[in-house]
Amino acid sequence: MTPFTAGLGIATDSWALGLLPKESRGRFAGVLNLGNAVGTSLGALLTGRIGTMFGLLWIFLVVGVILWVAIPFFLRVPEVFKPAERASEVILRGN
């Protein structure tokens, strides 16, 4: 399963970058890579400590808290892919 799990991240990242305008792909890839690295390392450290102290079921609480804390960060990242504009282009070309 590990090769499939690793390949899934690479495939979805590549697909997401293909949807973005060429001038913003590098910035998006940087944010994506930094977010994955920081999230993985902090998540492993925090959940390892919490799992050792309180039991393995508590790691799910830590993951939920991390997700809620991440929301304000992602609200600050500017949106570069606007699906509504792309959808209107597809409709116009279809007519």
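What follows draws every value from the coordinates through simple rules; no lab data is involved. Because the structure is predicted, anything quoted here is derived from the model rather than measured. For neighbour counting, all protein chains shown are included, and Cβ atoms are generated from backbone atoms with ideal geometry for every residue, glycine included.
Taking label positions 7 Å along the Cα-Cβ direction at both ILE10 and TRP68, the computed distance is 3.7 nm, reported to one decimal.
Among residues other than ASP13 with Cβ under 15 Å from its Cβ, the summed charge is +2 (Lys and Arg +1, Asp and Glu -1). A Förster distance of 41 Å, applied to the separation of the beta-carbon atoms of TRP58 and GLU23, puts the FRET efficiency at 0.40.
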